[in-house]
Amino acid sequence: LMVTIKLPETQVEFIDRFLVTAEAYRIKTSIIFNKTDLYDSEETTRMNDLAGMYSAIGYECHMISLSGRSNLAPLQEAMKDKISLLSGNSGVGKTTLINILNPALNLRTEEVSEYHGQGRHVTTFPEMHQLPSGGYLIDTPGIRGFGVIDMDRSEIYHFFPEIFKISKDCRFHNCLHLEEPGCAVRIAVENGLVNPLRYRSYLNILEDENRKYR
């Protein structure tokens with residue numbers, strides 16, 4: 001999953017919905033933070049905080065600059081001899097990355113809209129490209145929003161690894177980690193053992209699923 005702190009900004013809720021879906025289908029996911037050369041000190045701190053949060057959960061994070069060609073070697077090594085799928089919002093740099101990894105492709109890219117601060121759709125269908133270093137990379141159309149489907153609301157927390165781990169200490173086996181007494185997850189959030197951003201994403205997804213049954 002390729003994300004950016006700005007131009008365009010990738011929302012934490014988007015990242016978490018993507019990760020939840022990947023967890024549901026047992027798809028290993030890494031997070032690529034692009035455009036590091038554009039961030040001021042505050043934005044760099046935010047990126048580092050997010051990378052630290054996701055790394056602590058168990059997601060491999062790469063922080064790169066495509067314009068500066070920096071920190072690409074570990075990412076190339078991670079993709080070597082594998083079939084990888086590259087996804088993210090429009091304008092985060094997915095196609096540019098593929099062009100750098102295989103310059104012979106010369107795929108078309110466009111700049112982020114200055115008016116909307118969002119990427120313009122260039123890739124319109126998934127396409128798999130061979131990597132000279134070994135393996136294949138699938139380019140996908142940019143995503144504006146990401147919803148979750150076919151999830152039982154009582155199982156959503158299973159796909160937040162850190163919440164699922166702590167949930168075993170809840171008083172009730174069917175705890176939804178809302179207002180139930182003896183909820184170990186809410187205590188963990190209060191004590192900083194579960195990041196409030198992740199807990200907020202969980203609540204948002206839970207609320208979306210709840211609306212379907214109203």
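Quick notes on this one:
- Less than 5 angstrom separates the built amide H of Met63 from those of Phe33, all sequence-distant by 5 or more or on a different chain.
- Applied to the range 168-174, the Karplus parametrisation 6.51 cos²θ - 1.76 cosθ + 1.60 on θ = phi - 60° returns per-residue 3J(HN,Hα) values of 5, 9, 5, 5, 10, 5, 9 Hz, with x for Gly and Pro.
- Long-range HN-HN contacts of Gly142 with modeled amide H, under 5 Å: Val122, Thr123
- A cut-off under 12 angstrom between Cβ atoms defines the neighbours of Ile138, and their net charge, with Lys, Arg +1 and Asp, Glu -1, is 0.
- The range 124-153 and the range 1-74: distance between their alpha carbon centers, rounded to Å: 16
- Each Lys and Arg adds +1 at its Cβ and each Asp and Glu adds -1 at its Cβ; summed about the Cα centre, the chain shows a dipole of about 340 debye.
- Hz values of 3J(HN,Hα) by residue in the range 80-97 - Karplus curve (6.51, -1.76, 1.60), Gly and Pro given as x: 4, 6, 10, 9, 10, 10, 9, 9, x, 4, 4, x, 7, x, 4, 5, 4, 4
- Phi-based couplings in Hz for the range 63-76 (Karplus 6.51, -1.76, 1.60; Gly and Pro marked x): 10, 10, 10, 6, 5, x, 6, 9, 6, 8, 4, x, 5, 4
- Debye log10 I(q)/I(0) for the chain, one point scatterer per Cα, at q = 0.14, 0.15 Å⁻¹: -0.90, -1.01
- The range 1-116: C-alpha gyration tensor shape, a/c 1.5 cut-off, then a/b vs b/c: rounded
- Projected label points at Arg26 and His173, each 7 Å from Cα along the beta carbon direction, are separated by 2.2 nanometres.
- Over all other residues within a Cβ to Cβ distance under 11 Å of Leu66, the charged ones net out to +2, with Lys and Arg as +1 and Asp and Glu as -1.
- Here is the short version for the chain: Cys61, Cys183 have no other Cys C-beta closer than 4.7 Å.
- Backbone N within the range 81-108 under 20 Å of label point (7 Å from Glu42 Cα along the Cβ vector): none
- Among the trypsin sites (Lys or Arg not before Pro) in the range 27-73, those located in a DSSP loop and surrounded by at most 11 other Cβ atoms within 10 Å of their own Cβ are Lys28, Arg69.
- Nearest-0.05 FRET efficiency for Asp152 and Lys6, computed from C-beta distance (R0 35 Å): 0.45
Computed from the coordinates by the stated procedures, all read-outs in this text should not be read as laboratory data. Owing to the predicted nature of the structure, the values given are computational and were not obtained by experimental measurement. Cβ: placed from backbone, ideal geometry, glycine included. Neighbour counts: every protein chain shown.
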